[in-house]
Amino acid sequence: MFDDNKDAMDWTLAIDRQRDALVRMVAALVVMAGGTGVLVLPRFLRAEIWRVLRPAEAAFRRLLVVVKHVYKIEARVAAPHAGGAFPVVIPRGTGGRLPVFALFDPRKHFDFKGRVPATRGNPNIRFFDGYDEAIPPKPLILPDDPVSAQRLSRRLQALQRALDNLPKQARRLARWQMKRADAGGITRPLRPGRPPGHRARGRDPVDEALRDCHALALYVLHPPDT
């Protein structure tokens, strides 16, 4: 996968071990979903797949950071784009194009201004003249209810395709960081604090993979002084 040398052998082993673990997890999710092109799933099954997919995506982003720094992957300078500056926002795909893995963590938003309070039905007011307006019952939500799985399916496909070529995704990360730097955007792919999907008491394999990949990424970004 990479150029072997004495200094990189231990890193190669660590990277390949984490990648192989993520490949197995994603393959298991594909089997659970019944394929990568499903559009509808039972509510409970979609929630279970999301519970594993989100931390798996975060773990893979951190693995890309490790690959980029360990092997010093830089973006190749291309010819100027005919349409002007490169966009810094990747739109969500819902059409027929192949899904692309999101290289940057979703950012936390701390601005609470302008939020509209959620409506919770009619006010609980009673009248004594017999003209109480009937309050419609809340819809019953069942675990087996069919729900849309299109967004989940595309995210699953994107991660599966990205895992097939780790060096290519690391070069893609380097290019996007260069484009965002030129546009004055955020170049850090990892958000501060705990990664998306982090569970403090998680004991599943995906929780272990996320902890390991996060620790490796922090090590290459902030190596200890020796």
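Just to be sure, is TRP11 aromatic (Phe, Trp, Tyr), surrounded by fewer than 21 Cβ atoms within 10 Å (Cβ to Cβ) and more than 16 Å from the chain's Cα centre (by Cα)? Considered against the rule, which asks whether it is aromatic (Phe, Trp, Tyr), surrounded by fewer than 21 Cβ atoms within 10 Å (Cβ to Cβ) and more than 16 Å from the chain's Cα centre (by Cα), TRP11 comes out as yes. Scanning the stretch 198-213 for any residue that is over 24 Å from MET25 (Cα atoms) and in contact (Cβ under 8 Å) with a residue 24 or more places away in the chain turns up nothing. In this entry, LEU45 passes the filter for residues that are at pLDDT 95 or above, over 13 Å from the mean Cα position of the chain (by Cα) and not charged (D, E, K, R). Do the conditions hold for ALA59, that is, is it farther than 14 Å from LEU156 by Cβ, at pLDDT 95 or above and out of contact with any His (no Cβ under 7 Å at 6 or more places or on another chain)? Yes, satisfied. Filtering the stretch 35-77 to residues that are within 18 Å of PRO99 (Cα to Cα) and part of a loop (DSSP other than H, G, I, E, B) leaves GLY35, THR36, GLY37, VAL38, LEU39. Summed over the stretch 135-160, residues that are under 30 Å from PHE104 (Cβ atoms), part of a loop (DSSP other than H, G, I, E, B) and either of a type in the set (Phe, Trp, Tyr) or touching a Gly at 6+ places or on another chain (Cβ under 9 Å) (or both) total 0. Considering the stretch 144-181, and only residues there that are touching a residue at least 60 places away in the same chain (Cβ under 8 Å), among the polar types (S, T, N, Q) and exposed (fewer than 14 other Cβ atoms within 10 Å of the Cβ), the residue that is farthest from ARG19 (Cα to Cα) turns out to be SER148. Picking from residues in the stretch 182-206 that are out of contact with any helix residue (DSSP H, G or I) (no Cβ under 9 Å at 6 or more places or on another chain) and basic (Lys, Arg), the one that is surrounded by the most Cβ atoms within 10 Å (Cβ to Cβ) is ARG191.
The values are calculated or read from the model by the stated rules, or taken from the named source; none is laboratory data. Just so it is clear, the structure is predicted and the values come from calculations on it, not from any experiment. Every residue, glycine as well, gets a Cβ built from its backbone with ideal geometry; the counts of neighbours run over all protein chains shown.
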